[in-house]
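Before any comments, here is the structure.
All of the numbers you see were taken from the coordinates with simple rules; none came from a lab. It should be emphasised that the depicted structure is a prediction, and the values quoted were computed from it without experimental measurement. All Cβ positions, glycine included, derive from the backbone under ideal geometry; neighbour counts span all protein chains shown.
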Ligand code: 5GP
C-alpha cells in the first residue's frame, strides 16, 4: 500500500494561511491590549466567539491583566488545577467560575503601581526614553497639560493637553494638578486623576517633568522615585540643545541658562542616569521603576 502524501498547498492557499495567521495574531494582541487598559473584562474576552481568541492560551489572557503578570497568572491556574496549556475555547464552565473566584479575591488587593519622575535638562533625551517605554504594558506615561503652542506634529491629548492660560489657571484653582510649574515662559502641569487611576490599576506611572515639578512631587508623594537624566558631558548637551532648530535664538539661550540651573539640582534626585546609550539607559530605568 502506498502512503498518501500530505496535501500540497497552492501558492494562493499558502498566502491565505499566512494572512489568516497574521490576522489571528492581531486579534489576540488587540484583546490583550484591551484587557491591560481595562477596556474589557477577562470574561468578555473568554466569551469572544472569534476562533482566533478561542485558540488563545488562558495564561496569556490572565497575564495581560493589570497587576497580575505571568507568575501570578501561573499561580492562579495551578491553584485551580487548570493546565497551563489550556486554551480559552477549552475552558469548562466550572473552570471559568473558579477563575472568577480567584480574580475576585485578587481584585481587592492589586499591587499599586510605582510613581517615577524623570527630570533633567532640556535636550538630554528624556522624551526619547519615555517614548521607548510607551509600548511597554507595565508603564503608563502621563500626558501633561501646557500653555505652550503645539510644535509641528504634536497632537492635543497625545503629546500634551494644550490649554489657554485662563483654562490652565482654572485647573490650578480646582486642584486638578499633582504638580505644576512655569518653564521658559509657559506653564506645565501633571493632571492628578489619571496618575492615581493608573497606579491603582497596577501600572507604574512615569512623569517626564522639569525640576520644580519634581520637587513638588517629592513633597506630595514621598514614595516616588526621582530619576535625573544627565548628558554624557556639558558640551554634548549644548550641541543637542542648539542643534534642535525648533526654538528662536532667545528661547535657546533661555533654555541653556535653565539647563545649567537644572544640572545643579541633580544631587536632589534618588538616582542619576547618564544618557550614553538609549538602550542601556532604558534597561536601568526599567529596573529602577519596577523595583
Ligand atoms: P517642552 O516644551 O520642551 O515639551 O518641555 C519643556 C520642559 O517642561 C521639559 O523639561 C519637560 O520635562 C517639562 N514638562 C513637561 N510636562 C511637564 C509637567 O507636567 N510639569 C512640569 N513641572 N514640567 C513639565
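Can you bin the chain into rounded, prolate or oblate? Criterion: square roots of the alpha carbon gyration tensor eigenvalues sorted a ≥ b ≥ c, rounded for a/c under 1.5, prolate for a/b above b/c, oblate for the rest. If you can, show how the numbers build up before the last one.
On the way: a/c = 2.42, a/b = 1.83, b/c = 1.32.
Prolate.
For the chain, what is the relative contact order in percent, using Cα pairs closer than 8 Å and at least 6 residues apart in sequence?
Contact order relative to length: 19 percent.
Give the relative contact order (percent, whole number) for segment 147-291; include only Cα pairs under 8 Å separated by 6+ residues.
Numbers: 112 pairs, mean separation 27.9, N = 145.
Rounded, it is 19 percent for segment 147-291.
Ranking 234, 180 by Cβ neighbours within 10 Å, fewest first, what do you get?
Fewest-to-most Cβ neighbours within 10 Å comes out as 234, 180.
So if R0 is 30 Å, what FRET efficiency would residue 34 and residue 86 give, r being the distance between their Cβ atoms, rounded to the nearest 0.05?
Numbers: r = 21 Å, r/R0 = 0.70.
E between residue 34 and residue 86, to the nearest 0.05, is 0.90.
Between residue 218 and residue 148, how many nm apart are label points set 7 Å from Cα along the C-beta direction?
Spacing of the two 7 Å Cα→Cβ label points: 2.3 nm.
Rounded to whole Å, give me the distance from the Cα center of segment 256-291 to that of segment 138-215.
20
Distance between the C-alpha centers of segment 70-136 and segment 14-38? Whole Å please.
19
Let me know the shape class of segment 1-137, please: from the alpha-carbon gyration tensor, a ≥ b ≥ c as square roots of the eigenvalues, rounded when a/c is under 1.5, otherwise prolate if a/b is greater than b/c, or oblate.
Since a/c reaches 1.5 but b/c is at least a/b, the shape of segment 1-137 is classed as oblate.
Using the 10 angstrom Cβ neighbour count as an exposure proxy, how do 154, 179 rank, fewest first?
Going from least to most buried by this count: 154, 179.
Going by the alpha-carbon gyration tensor, a ≥ b ≥ c the square roots of its eigenvalues, is segment 122-205 rounded (a/c under 1.5) or, if a/c is not under 1.5, prolate (a/b greater than b/c) versus oblate?
The shape class here is oblate.
Could you calculate the FRET efficiency of residue 50 with residue 111 from 1/(1 + (r/R0)^6), where r is the beta carbon distance between them and R0 is 35 Å, rounded to 0.05?
Approximately 0.65, to the nearest 0.05.
Of 217, 205, 158, how do they rank once you tally other Cβ atoms within 10 Å and put the fewest first? Present the calculation step by step, with values, prior to reporting the outcome.
Working: 217 21, 205 24, 158 8.
Exposure proxy ranking, most exposed first: 158, 217, 205.
Mind giving me the nanometre distance, one decimal, between the label points for residue 75 and residue 254, set 7 Å out from Cα along Cα→Cβ?
5.1
What nm distance separates the two modelled labels at residue 176 and residue 23, each placed 7 Å from Cα along Cα→Cβ?
Taking the simple label geometry, residue 176 and residue 23 are separated by 4.2 nm.
Residue 161 to residue 197: extension gain in nm, 0.36 nm per residue of separation minus the Cα-Cα distance?
So the chain would gain 11.2 nm between residue 161 and residue 197.
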